[in-house]
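First the structure, in the form of structure tokens, and then the observations on it.
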Amino acid sequence: MLSVCIPIYNHDVRALGKTLSRQAGKLTQEVEILLLDDASEPAIRQKNRELLKNDSIRYEELSSNVGRSKIRNVLADKAKGSHVLFMDCDTQIKTEHFLEYYIPEMKTQTVVCGGHVYGEKPEDAKYLLHWKVGTSREVKNAATRQKRPYHSFMTGNFMIDKSIMKEIRFREDLKGYGHEDTMFGYELKKNRIPVKHIDNPLLHEGLEDADSFLFKSRESIINLMKSWEMTGYDPEYARMITILENYIRYKKYKLFWPLKYAAPRVRMITERNLKGENPKMWIFDVYKLCHLHWYETK
């Protein structure tokens, strides 16, 4: 059995649930669909409760928020299948064969990642930063991702043998936003679990406005440093994350010393561009590098 597991937080998943139910009904392979709400707002929960009428969907709610890592562990424990397919709640299925393409991959104990894509360029400039980062940094075909299979690991669309999930868990002590997927990929690499990338992407539809995206980017910097500390500052972990690898290099050559005096102005200048109509990716990199330095030296 394949268990499709989706953690939900403040997102309407009715369309996604119905699409999965329709595709599962066409397969000879048994499929269960498990949706678990992590204490979303009441209005969202009320909408998603419509899925309770669908006999092919298990929809459940948690009474309190447990966070991005723990809810995935809870879902894996609840899953009845031999394989678990994790999907993010802010995605949509692009093709009629999404579930079908994962079925042949159930024959091995390889972790299989399908990837994701973004939609058309948004007309509203406030969503451009998220869209540009996503399309230029995250969207890669399977062949490109396979060159650095653990470096490209993301939790939004991957299938894993449940026996592996019993041994490798999401780190529940990593709170807040970001890098629970990086840590999971790191554990897969340490344990020499093969990761295979295929072209079976989901459409990412949950664009954040620039203010929200930058806030989450700053949060993820904190989690990046915490996660690196959890590894004992393992150089292998740093090599999996380009921004951290660059930070270590620049720090070695003492290239951050001007920030001691220019930090407020640097933040103002970089945010002005990133919130504008033509956000530059190199400026976004400078922004993240600066916040890494500010966090470590505060």
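Readers should treat all values here as calculations from the given coordinates under stated rules, not as data from a laboratory. In this text, all values refer to a predicted model and were calculated from it rather than measured experimentally. Methodologically, a virtual Cβ is constructed for each residue, glycine included, from the backbone with ideal geometry; neighbour enumeration extends over all protein chains shown.
Among Lys251, Lys94, Lys162, which one shows the highest mean-square fluctuation when the chain is modelled as a Gaussian network with alpha-carbon springs under 10 Å?
Highest fluctuation among the options: Lys251.
Using a 7 Å offset from Cα along Cα-Cβ at Glu138, what residues in the stretch 166-199 end up with backbone N under 12 Å from the label point?
Answer for the stretch 166-199: 178-179.
In a shell of Cβ-Cβ distance under 15 Å around Ala125, excluding Ala125 itself, what net charge do Lys and Arg (+1) and Asp and Glu (-1) give?
Working: positive: Lys121, Lys126, Lys132, Arg272, Lys275, Lys280; negative: Glu120, Glu123, Asp124, Glu208, Asp209, Asp211, Glu271, Glu277.
Net of charged neighbours comes to -2.
Given the alpha-carbon gyration tensor of the stretch 212-297, what are the semi-axes of its equivalent ellipsoid in whole angstrom, ordered largest first, with each equal to the square root of 5 times an eigenvalue?
22, 15, 12
Taking the Cα centre as origin and putting +1 on Lys and Arg beta-carbons and -1 on Asp and Glu beta-carbons, what dipole magnitude results for the stretch 1-107, to the nearest 20 debye?
On the way: 16 positive and 16 negative charges, 16 e Å.
Dipole of the stretch 1-107, to the nearest 20 debye: 80 debye.
Going toward the positive end of the dipole of the chain, with +1 on Lys and Arg Cβ and -1 on Asp and Glu Cβ, which of Ser163, Gln46, Leu16 do you reach last?
In the chain, that residue is Ser163.
At 10 °C and 1.306 mPa s, grab the translational diffusion coefficient of the stretch 148-220 from Stokes-Einstein with a Kirkwood Rh over Cα pairs, rounded to a whole number in µm² per second.
Working: Rh = 14.0 Å.
Answer, rounded: 113 µm²/s.
So how far apart, in nm, are the two label points at Arg14 and Ser212 if each is 7 Å from Cα heading toward Cβ?
2.0
Among Ala125, Leu188, His293, whose Cα projects farthest towards the positive end of the dipole of the chain, with charges put on the beta-carbon of Lys, Arg (+1) and Asp, Glu (-1)?
His293
Can you flag which of Lys53/Lys80; Lys47/Lys190; Lys190/Lys251; Lys121/Lys226; Lys80/Lys175; Lys94/Lys196 are past 30 Å Cα-Cα? Provide the component values of the computation, followed by the final result.
On the way: Lys53/Lys80 21 Å; Lys47/Lys190 41 Å; Lys190/Lys251 26 Å; Lys121/Lys226 34 Å; Lys80/Lys175 27 Å; Lys94/Lys196 20 Å.
Correct reply: Lys47/Lys190; Lys121/Lys226.
Find how much the distance from Arg272 to Asn246 grows on full extension, using 0.36 nm per residue of separation minus their present alpha carbon separation; answer in nm with one decimal.
Working: separation 26, 0.36 × 26 = 9.36 nm, distance 2.34 nm.
My answer for the length gained is 7.0 nm.
Nearest 20 debye, what's the magnitude of the dipole of the chain about its Cα centre given +1 on Lys and Arg Cβ and -1 on Asp and Glu Cβ?
Dipole about the Cα centre, nearest 20: 1080 debye.
If one takes the longest principal axis of the Cα atoms in the chain, at what angle in degrees, from 0 to 90 and to the nearest 10, does the Cα axis of helix 14-25 lie?
Approximately 50 degrees, to the nearest 10.
For the chain, what proportion of DSSP beta bridges, expressed in % and rounded to the nearest 5, is antiparallel? Could you put the intermediate results ahead of the total?
Numbers: 10 of 32 bridges.
So the antiparallel bridges in the chain amount to around 30 percent.
Label points 7 Å out from Cα along the Cβ direction at Tyr295 and Arg192: separation in nm?
3.2
Of Ala210, Gln29, Trp282, whose Cα points farthest to the positive end of the dipole of the chain (charges on the beta-carbon: +1 Lys, Arg; -1 Asp, Glu; origin at the Cα centre)?
Most positive-ward Cα: Trp282.
For the chain, compute Rh as the Kirkwood radius over C-alpha pairs and then the Stokes-Einstein diffusion coefficient at 10 °C and 1.306 mPa s; write the answer in µm²/s, rounded to an integer.
On the way: Rh = 20.3 Å.
Taking Rh from Cα pairs, D becomes 78 µm²/s.
Quote the charge dipole size of the stretch 212-297 about the Cα centre in Debye, to the nearest 20; the model charges only the Cβ of Lys and Arg (+1) and of Asp and Glu (-1). Mind dumping the intermediate values first?
Working: 15 positive and 9 negative charges, 78 e Å.
Dipole magnitude for the stretch 212-297 comes out near 380 debye.
Report the full-extension gain for the segment Arg239 to Lys254: residue separation times 0.36 nm, less the Cα-Cα distance, to one decimal in nm. Walk me through the numbers before you get to the answer.
Numbers: separation 15, 0.36 × 15 = 5.40 nm, distance 1.95 nm.
Roughly 3.5 nm would be gained on extension.
Calculate one ³J(HN,Hα) per residue across the stretch 163-173 by plugging θ = phi - 60° into the Karplus curve 6.51 cos²θ - 1.76 cosθ + 1.60, and present them in order as whole Hz with x for glycine and proline.
5, 6, 5, 6, 9, 10, 10, 6, 6, 6, 7
Along Cα→Cβ, 7 Å out, is where each label goes; now give me the distance between the ones at Lys121 and Thr95 in nm to one decimal.
Output for this residue pair reads 2.7 nm.
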